[in-house]
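I have placed the structure first, in the form of structure tokens, so that the comments after it can refer back to it.
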Amino acid sequence: MPSILKPFFSLTLLTSSGLALAGGPLVLEGPAGNTPVSYQNPTIIINVESGKLGSRSNAAANALMQQAFDLWNNVSTSTINLRIDTTQINLDININNFEQYLPSLDETVLNADDNLNPLVYDDTGKIIDAYFGPGQSDFTIGFAASIYTLGASRFTEGYAVINGKDLQLDNDPIIADIKLKLLIAHETGHFFGLDHSQVNINNAENDFGLPQVCSTSTASSYPVMYPFVCRNVESLHADDISALSELYPASNVN
């Protein structure tokens, strides 16, 4: 029976573990229940809709997505290859038609057999609010997931939704753009099967007191797959590279 995942990244505080473990697979399944689930073909086609992303045109949004994807694509020890397709979804996916491409809100229809991995630009945030509740788009950059069958070790199809609202990630527009790319890369990591990294986690960090989130290590020391938006360098952390290379290893990986 199909099962669905909805890992998503929120700009509010997320629950994290205190164990000193690195990143790893998001799902353990397979016949014995302990196989890291991944895509059989590491060349994954992402089918982009034709709408805009907030103030960005469709072309500008696609370029931003490809830059985020290339953070993963350029890892020489991995076979992952995320490619954008603009030919299969020739319309704007919005609040009126999203359930034709994404799982229905009650998850009775998964749309897992349409040969599409839709990337939805939620221009106004209404789709995110429909899934997670009114006002959640004010705090959520987006969400991504892939669908698998219980007992199987491969994902069948996946999807991603990116928020078009300006969430004011930083006062510096250059840093804000970098953080947005890293957030998209984070969601993409969930899409193809990575869990949160636990490198440099300090459970004393919180949004309201001291130490504050992202303050117990230098920004560049936090992985992209860290549970919070901390990294400010447009690159992957060594832990991200290790986790990716284990899930989708190139032939040169021992």
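The values are calculated or read from the model by the stated rules, or taken from the named source; none is laboratory data. As the structure is a computational prediction, the values presented were derived from the model and not from experiment. Cβ placement follows ideal geometry from the backbone for every residue including glycine, while neighbour counts extend to all protein chains displayed. Each accessible area value is taken on the protein alone, full model and side chains, heavy atoms only, with ligands, DNA and RNA left out. Shrake-Rupley method; radii C 1.70, N 1.55, O 1.52, S 1.80 Å.
Give the residues of segment 214-254 that are among the aliphatic types (A, V, I, L, M), closer than 30 Å to Arg154 by Cα and in contact (Cβ under 8 Å) with a residue 24 or more places away in the chain, sorted by residue number.
Val224, Met225, Val229, Leu236, Ile241, Ala243, Leu244, Leu247, Ala250, Val253
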Those residues of segment 150-192 which are farther than 17 Å from Gly54 by Cα and part of a strand (DSSP E or B), in sequence order: Arg154, Phe155, Thr156, Glu157, Gly158, Tyr159
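Go through Ile201, Ile141 for me and flag whichever is open to solvent by less than 20 Å² (accessible area, probe 1.4 Å) and either hydroxyl-bearing (Ser, Thr, Tyr) or over 23 Å from Pro42 (Cβ atoms) (or both).
Unique residue meeting the criteria: Ile141.
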Selection status of Ile147, open to solvent by less than 20 Å² (accessible area, probe 1.4 Å), of a type in the set (Val, Ile, Thr), closer than 21 Å to Ser50 by Cα and at pLDDT 90 or above: no
Subset of segment 115-134 [assigned to a loop (DSSP other than H, G, I, E, B), over 22 Å from Ala68 (Cβ atoms) and open to solvent by less than 50 Å² (accessible area, probe 1.4 Å)]: Gly133
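What number of residues within segment 65-103 are part of a loop (DSSP other than H, G, I, E, B), buried (at least 21 other Cβ atoms within 10 Å of the Cβ) and within 17 Å of the chain's Cα centre (by Cα)?
Adding up the residues that qualify gives 2.
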Among residues of segment 37-48, those that are assigned to a loop (DSSP other than H, G, I, E, B), open to solvent by 50 Å² or more (accessible area, probe 1.4 Å) and touching a strand residue (DSSP E or B) at 6+ places or on another chain (Cβ under 6 Å), counted: 1
Failed item in (1) open to solvent by 40 Å² or more (accessible area, probe 1.4 Å); (2) of a type in the set (Gly, Ala, Ser); (3) more than 24 Å from Leu244 (Cβ to Cβ), with Ser220 passing the rest: (3)
Qualifying residue in segment 214-237 (condition: farther than 19 Å from Ala176 by Cβ, under 19 Å from the mean Cα position of the chain (by Cα) and not in a loop (DSSP other than H, G, I, E, B)): no
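Restricting segment 49-64 to residues that are in a loop (DSSP other than H, G, I, E, B) and touching a residue at least 60 places away in the same chain (Cβ under 8 Å), which is most open to solvent (accessible area, probe 1.4 Å)?
Applying the first criterion (in a loop (DSSP other than H, G, I, E, B)) to segment 49-64 yields 49-52, 54-55, 57.
Checking which are touching a residue at least 60 places away in the same chain (Cβ under 8 Å) leaves us with 49, 51-52, 54-55.
Values: Glu49: 2, Gly51: 6, Lys52: 102, Gly54: 16, Ser55: 118 Å².
Looking at the filtered set, the residue picked out is Ser55.
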Which listed residue, of Ser16, Ser57, is modelled with pLDDT under 95 and among the polar types (S, T, N, Q): Ser16
Pair list, Cβ under 9 Å, 6 or more apart: segment 92-103 residue within 15 Å of Phe132 (Cα to Cα), other residue in a loop (DSSP other than H, G, I, E, B) and not aliphatic (A, V, I, L, M): Ile95/Thr124; Glu99/Asn111; Leu102/Asn111; Pro103/Lys6; Pro103/Asn111
Meets criteria (touching a residue at least 40 places away in the same chain (Cβ under 8 Å), within 14 Å of Gly23 (Cα to Cα) and in contact with a Leu (Cβ under 9 Å, 6 or more places away or on another chain)) for Gly164: no
